[in-house]
Every structure is written in C-alpha cells, then in structure tokens.
Amino acid sequence: MQNRREFLKISAAGSISMMLFGATGCKSSVAVDRKSFGVGIQLYTIRDAMSADVPGTLKKVSDIGYKNLELAGYADGKFYGFAPAEFKKMVNDLGMEVLSSHAAVESTGITPETAKAMADAHAEVGVKYCVQPWVNEPDRTIETYKKMIADWNEVGRIMKGVGIQFAYHNHNFEFANMDGVVPYYDIFMPEMDADLITMELDLFWASKAGQDPIAMFNKYPGRFQLLHFKDMKTNEAPFFDVIKDDVCAVGEGVIDFKKILTAKEVAGAKYIFVEDDNQGNGKPFEAIETSITNITTKILK
C-alpha cells in the first residue's frame, strides 16, 4: 500500500495507471487536492461559457479542480482566439495543463502545408494529443471513410514529427452495420496506423451503440490512450436513436466506470476527460462539479 506522500507524488505524474495504483486503499481524512488526480475536461462541455469569457471560465474550471484540458476551439493557428503561447500561459498560470485538442480534418483532405501549420500551432500550445473529433453525416460511407483514414495517417505522421500523438474520437455511428460492414471494426481499426493514430474512446457513445469497452480493449490492446467519461441515464435500445438529454454527470448514470478502469492497462489508457455534449442540461458548472466529485471520491478510489 502507498502512503499519503507516495500517493501524491505518483498522482502528480498525470498517468491514469499510476494514479489508480496510488489511490487504492487511501483513506486519509485530510481533504485531497482534486488536481492531484489529474482529471481532465473537454472544454466543449462548457462551450457557451468559453465563447463568452475565456479567462473567467478557465478560472472556474481550475477552482473546481480539473488539471488537464482538452480544447475544442482551434482555428487559423489560434485557440479560442488567443495565440498558442498566450493561451498556454493563461492555463499554466491557473495550475492546469493543455493536454489535448480536438481539431478536425475534413473529408476534402488536408495539404502537407496546412497539416504542418496545424501541427506547429499545437506543438506551441503544448498538447500531447491532437484529436479528429467528428465525421460529417454525408461523409459516412465506406469509400469516404477509407479516404479520410488515409489522410489521417499522413496527418498523424506529421504530428509525430513535432512530438504529438494524433487520435480519433468516436460517436455511435461508427458501430452501425452498413450492409455487413461495421466501420469501427472493419475499416477504422485495421486501416488506421496504430503508431500514428490512437483512439479516444467515448464511453457514452460506445455504450449507446451496444459495445462493451472491456471487450474492445481486449480485442485491440494498447490502442486506447484516451478515455471520455460521460454518463447516461438509460441503456435501452435503440442504440442509434440517441437523445442528448440522456447524458448526465459522471457517476449519476448506469455506466460502470470503475469496472471499465480495471482494464485500463490492457487498453493502454493514460488520461481521462469529462465531457457532456449537452452542457449539463443547462447547468454546466454544476454538472462538471458533480462529475469530478464522483470521479475523485468513488471511481478513482
């Protein structure tokens, strides 16, 4: 068993595997600094607040106890309208880290020059991961998937050159059967270069599609470095007719995150991010407070 000092030292490293080993069995009555758990947040969760007041919103996120940020506001070499170095300093001054960023490569492709510009901006802001977050509905065909994945592999190669790991974030549509082809298993996983693209598994959307995350980890060990934590109120079919109002704060729904994390080492999981597509059903900061409370007092214990 780790003593308290060892636990805090290990937690600060930011690796989810190391954090969980250190947290096991710790029952100190002393209040724990939530940042020591290294919990991240996808800022899409509070996108309206970020649009209205970037510095003030980041301060609230830090005060709640989040350590790592995943961005959703990259455009034209800037992040939420700020130059990379300026945004990074703002975050670091609040005791947080810019760990990841969602930045889409469209189906029309991306040139080596624009990919390098995107990579350089992300390297300057200091991320470890850059994530393809979405595929537009008209592009969800077998042929387009194959073309996009070929492009993503090249983007991943360019990102690797500046020390960044490219990644893909799923929803539920990748698991829909298309005339005998399930894109996630039959196209995405085999055609993505595992060294150039890791997976950011969204546990809500995978669960909504009827998938078992632990079975996925066992099928593709080591390929899920990032996990999105968002909970759901129900798990009834149909899995592909999802209403966002079913999203709820982590630990308030039916997903067994603690059980899923028993397979973290098989998954290769390193970091977790809280996300809520529906912005807490109108109460975003209350929801992210509930999520981190449940994660640090129940799920990571």
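The values are calculated or read from the model by the stated rules, or taken from the named source; none is laboratory data. Quick caveat: nothing in here was measured; it's all calculated off a predicted structure. Positions of Cβ are backbone-derived with ideal geometry, glycine not excepted, and every protein chain shown enters the neighbour counts.
For region 15-67, give me each residue that is modelled with pLDDT under 95, more than 22 Å from residue 203 (Cα to Cα) and touching an Asp or Glu at 6+ places or on another chain (Cβ under 7 Å). If the condition is that a residue be modelled with pLDDT under 95, more than 22 Å from residue 203 (Cα to Cα) and touching an Asp or Glu at 6+ places or on another chain (Cβ under 7 Å), then 22 is the only one that fits.
Tallying residues that are in contact (Cβ under 8 Å) with a residue 60 or more places away in the chain and under 17 Å from residue 48 (Cα atoms) within region 258-286 yields 8. Scanning region 50-76 for residues that are in contact with a Gly (Cβ under 7 Å, 6 or more places away or on another chain), in contact (Cβ under 8 Å) with a residue 40 or more places away in the chain and part of a strand (DSSP E or B) yields 68, 70.
Okay, residues lined up against (1) within 14 Å of the chain's Cα centre (by Cα); (2) at negative phi:
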position: 257; (1), (2): no, yes
position: 276; (1), (2): yes, yes
position: 282; (1), (2): no, no
position: 297; (1), (2): no, yes
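Figure legend. Inter-residue proximity from region 104-115: first residues over 24 Å from residue 137 (Cβ atoms) and touching a residue at least 40 places away in the same chain (Cβ under 8 Å), second residues of a type in the set (Lys, Arg) and exposed (fewer than 13 other Cβ atoms within 10 Å of the Cβ), beta-carbon distance below 7 Å, spacing 6+ or different chains. No pairs are indicated.
The C-beta contact set for region 214-232 (first residue among the aliphatic types (A, V, I, L, M), second residue surrounded by fewer than 20 Cβ atoms within 10 Å (Cβ to Cβ) and outside any helix (DSSP H, G or I), distance under 7 angstrom, 6+ apart or interchain) comprises 232/253; 232/254. Under the condition of being closer than 20 Å to residue 45 by Cβ, touching a strand residue (DSSP E or B) at 6+ places or on another chain (Cβ under 9 Å), among the hydrophobic types (A, V, I, L, M, F, W, C) and assigned to a loop (DSSP other than H, G, I, E, B), the residues counted in region 77-115 number 3. In this structure, does residue 82 turn out to be modelled with pLDDT of 95 or more and either surrounded by fewer than 18 Cβ atoms within 10 Å (Cβ to Cβ) or of a type in the set (A, V, I, L, M, F, W, C) (or both)? Considered against the rule, which asks whether it is modelled with pLDDT of 95 or more and either surrounded by fewer than 18 Cβ atoms within 10 Å (Cβ to Cβ) or of a type in the set (A, V, I, L, M, F, W, C) (or both), residue 82 comes out as yes.
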